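A quick write-up on the structure given underneath.
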Amino acid sequence: MQEDVVSIVAPVSAPVAYGRQNALARWWSRPRNRELLMALLYSSPALIIFFLFTYFPFVRAIWLSLNITNQRGEPAAFNGLGYYLRVLSLDGSGRTDYLQSIGTSFQFTLMVVPTVIIIAVGLAVLAATRVRGIQFFRLIFTSSIAISLASAGVIWSLIYNPSSGATRWVVELLNLGVPGVLNSNLTTIPAVAVMSVWSALGFNFIIALAGLQAIPEDLYESASIDGAGGWHKFRFITLPLLSPTLLFLVIIGTIGALQAFTQFHLLIPDSPNTVFIYETFRAFWYDNRYGLASAMSIIVFIILITLTIIQYRTLDQRVHYQ
Amino acid sequence: MKKVRVAVLSSLIAVLMVALSLVVSPLAFAQQATPVPAPTITPVPPVARPEGSTEVVFWYGLGGNLGNVVQEVVNMYNTSQSTYYINAVFQSSYDDTINKINAGLASGDLPDLAQIFEAGSQRMIDSGAIVPVQTLFERDGMMDVVEDMEPAVRANYEINGTLYSAPFNSSTAMLYVNRAAFAEAGLDPDQALVTYDDVAEYARALTVRDAAGTVTRYGLAVYAEGWFLEQIHAVHDAPIGLPANGREGERMTEYAYNGEVGVTWVEFLKGLVDEGVAVYYGPASGGSGAAASAFVNNQAAMHFSSIASLRGLVSSAAGAGAGVDVGTLYMPRAEGADGKTIVGGASLWITNVGTPEAQEGAWDFIKYSLQPEVQAFWAANTGYYPVVQASYEDPVMQEALVNFPQFQVAIDQIRLTDITSANTAHVSGIFVPYRTHYVEAFDRYMRGEFATAQEALDAAVAISNEQLTEYNLTAGG
């Protein structure tokens, strides 16, 4: 308190140094500021890690994306927005390769996200019924969560391998004229999507099942008394009350599908038709164009954040929270 | 209520059956097909490091049987002396080795010694992180070893007058043929120099269809691979990059593989696939495996691969039991072209990041690896030919040539004509990326996304040059 008094009286004619010291003391004397400092101190381990491994690389990626880099990955020539224009095919070269891969990313996401959610909710509805031995089925439906994407990729590359013959019927049915489903434009991305759906099913199933089990039983009972059938109960009770879960799954699923990498790396590492994330990896790892790869990752970031905001804004209005 | 439960349970079982069938059916099918029996390769363990020895970290990119022989050579060296200890670390492939070095230039994580393929030469030179081995050969008065090197091999690694790296394992591309199928069809498997027309004729004669008209054996297995494009340019003595493949003092400034040689080659392969006498297995890594598998199982009678694959293909063919007798021919070419192929494989690079002792150790291992008997052991156990000519006098090598006459075809092929800059590997800072651009364009053409081979190659050349210009800009050339 005494410090406070001094600080109020002194500034009028105090020398500069004294005044600064005084301001510091005044700042320190406020409990809120002291709390802020203590808060920063206690959160510093997390902040330092975030700064080092998230914020700093992010800012550096932005800087790199504006430069052509040398062999050591250091900026060597300023390139402005050149890489962004190149990726978005606005540089007048008429080359649309990267733009096409953005299209493929969305195509892949549209194949995977709705499919996996519909199947997961369907299975969850089945698995939510109380019959003997249901745990066994719940375990089976969940099992793909226990298989890492890398292992799943190896399993599925075996399934899709022309010499294993497991998917030969698809090749013959569609008359593809190539040895395997991964060799045809018609089936490459759908084949990777099938594998991704299978792989994501376990996680989506668990979340959907948990959402279902949180819906109070009495709602169904009273609906039954009102004469509602199975479909009506699903449509007017399950679906609305499950909508927060679905919103979560849609957002997480979309981000996951747009960032999908492992399955492309394992199933179609050399395919010309691949997703934007994989093209980013190629630009970095094979082409050593760190600037270009940085620009591409920034574009992914912008796409993801925009999509998430749109999804959240539009879908959130339709979500019913209990 | 009970009815409902039964219905639920039965639908659950149905779902389960579908899920099960998904898992089981591939296995069932797998038993019908006859994939190559995976050779059981147990990795060769490294020998223990003697106390007080200087460790030399060595990155290499050969896996499987070839990788084992690398470890054996390293073990032989490590037991032959106790001053240095080579710690050989497998990097999964040539591509990954150079990519890891590229990344290591930024992070500082580099080995003392690295096995790098010719695609990495320019980047290694530009890195400023290497010691040109020529200075060491000269320092130790060992230029006679360089003089004794296979001329085509020496030329491959001697860039603008300086031998930067020491050749270690040298190969070249071959057209593998099933001699048994050739005999059946009345074709001559000993005529090594073949034209595109010859191969097309062979492919037609070797294609077998069953009663229903389904092909049971294709004439030729095709996959997208940049190395073959380089080989084809070499046999036609046409540079793939200008000026002069980057070998006559000036840095390469543009790729030119969209000329007649490249276009004819790609059209030739597509034509055979369209005709139904060749089968396309897709881009490089997956495609080459599938093509090799088809070849040894008598599902394709001809196959492109490195001479280094010889031993592997011979033993896989024996294991598959489909009666395939492995033979080798030169890479096919247009009428009248009689050029040599390019030397493939890899060389050893010494980096300057380690201690002087580690650099000396790396150099000592290189000297050891170039001894005639070590090269003979290496060649006889792999499929590479020796990089020093003295090895041909070694009994081990002489025996290998008797047992595997297919080797001789490869050696003859790299000696076919005089060495020029056009039939030696080009030197470019974007060698690895150029290959992916070509492979991608080739694959798109085969998938029907490009109407003509010219369009496909023009697109690949355009993106290659975009990147090459960028590289040269930052590399200060």
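The values are calculated or read from the model by the stated rules, or taken from the named source; none is laboratory data. Nothing here was measured: the structure is a model prediction, and the numbers come from that model. Counting neighbours? That spans all protein chains shown, and the Cβs are built from the backbone with ideal geometry, glycine included. What goes into the accessible areas is simple: the full protein's heavy atoms, side chains included, and nothing from ligands, DNA or RNA. Shrake-Rupley method; radii C 1.70, N 1.55, O 1.52, S 1.80 Å.
Structural remarks
- Condition met for B:Ala362 (touching an Asp or Glu at 6+ places or on another chain (Cβ under 8 Å) and over 22 Å from B:Phe182 (Cβ atoms)): yes
- Residues of the range A:126-180 that turn out to be in a loop (DSSP other than H, G, I, E, B) and at the interface with chain B (Cβ under 7 Å from one of its Cβ atoms), as a count: 9
- For the range B:66-81, the condition holds for no residue, the condition being that it is open to solvent by 10 Å² or more (accessible area, probe 1.4 Å), part of a helix (DSSP H, G or I), touching a helix residue (DSSP H, G or I) at 6+ places or on another chain (Cβ under 7 Å) and farther than 20 Å from B:Val388 by Cβ.
- Subset of the range A:101-125 (residues that are more than 9 Å from chain B (Cβ to nearest Cβ), crowded, with 18+ Cβ neighbours inside 10 Å and closer than 21 Å to A:Gly230 by Cβ): A:Ile117, A:Ile119, A:Ala120, A:Val121, A:Ala124
- The set of residues in the range B:281-339 being in contact with a Pro (Cβ under 7 Å, 6 or more places away or on another chain) and open to solvent by less than 10 Å² (accessible area, probe 1.4 Å) consists of B:Gly327 alone.
- Flag if A:Thr280 is more than 11 Å from chain B (Cβ to nearest Cβ), touching a helix residue (DSSP H, G or I) at 6+ places or on another chain (Cβ under 7 Å), of a type in the set (Val, Ile, Thr) and open to solvent by less than 30 Å² (accessible area, probe 1.4 Å): yes
- Top-ranked residue in the range A:181-195 [being in a loop (DSSP other than H, G, I, E, B) and not hydroxyl-bearing (Ser, Thr, Tyr); ranked as farthest from the other protein chains (Cβ to nearest Cβ)]: A:Leu186
- Among the residues of the range A:21-75, those that are surrounded by 12 or more Cβ atoms within 10 Å (Cβ to Cβ) and of a type in the set (Val, Ile, Thr) comprise A:Ile62, A:Ile68, A:Thr69.
- For the range B:159-194, residues that are of a type in the set (Gly, Ala, Ser) and outside any loop (DSSP other than H, G, I, E, B) total 7.
- Checklist (1) touching a strand residue (DSSP E or B) at 6+ places or on another chain (Cβ under 9 Å); (2) modelled with pLDDT under 95 applied to B:Asn381, failing item: (1)
- Among the numbered conditions (1) hydroxyl-bearing (Ser, Thr, Tyr); (2) surrounded by fewer than 22 Cβ atoms within 10 Å (Cβ to Cβ); (3) assigned by TED's automatic domain parsing to the domain that holds B:Asp112, the only one that B:Thr469 does not meet is (3).
- Among residues that are touching a Lys or Arg at 6+ places or on another chain (Cβ under 9 Å), more than 14 Å from chain B (Cβ to nearest Cβ) and either open to solvent by 20 Å² or more (accessible area, probe 1.4 Å) or not in a helix (DSSP H, G or I) (or both), A:Leu246 is not included.
- Yes/no for A:Gln213 being open to solvent by less than 20 Å² (accessible area, probe 1.4 Å) and touching a residue at least 24 places away in the same chain (Cβ under 8 Å): no
- Scanning the range A:63-105 for residues that are assigned to a loop (DSSP other than H, G, I, E, B) and in contact with a Ser or Thr (Cβ under 8 Å, 6 or more places away or on another chain) yields A:Ser65, A:Asn70, A:Gln71, A:Ser89, A:Arg95, A:Thr96.
- The residues on offer are B:Leu220, B:Leu272, and the sole one that is touching a residue at least 60 places away in the same chain (Cβ under 8 Å), crowded, with 23+ Cβ neighbours inside 10 Å, outside any loop (DSSP other than H, G, I, E, B) and over 20 Å from the mean Cα position of the chain (by Cα) is B:Leu272.
- The set of residues in the range B:82-116 being open to solvent by 10 Å² or more (accessible area, probe 1.4 Å) and either among the aliphatic types (A, V, I, L, M) or outside the structural domain of B:Pro386 (by TED's automatic domain parsing) (or both) consists of B:Ala88, B:Val89, B:Ala103, B:Leu105, B:Ala106, B:Leu110.
- The range A:218-229, subset open to solvent by 60 Å² or more (accessible area, probe 1.4 Å) and in a helix (DSSP H, G or I), residue farthest from A:Leu126 (Cα to Cα): A:Ile225
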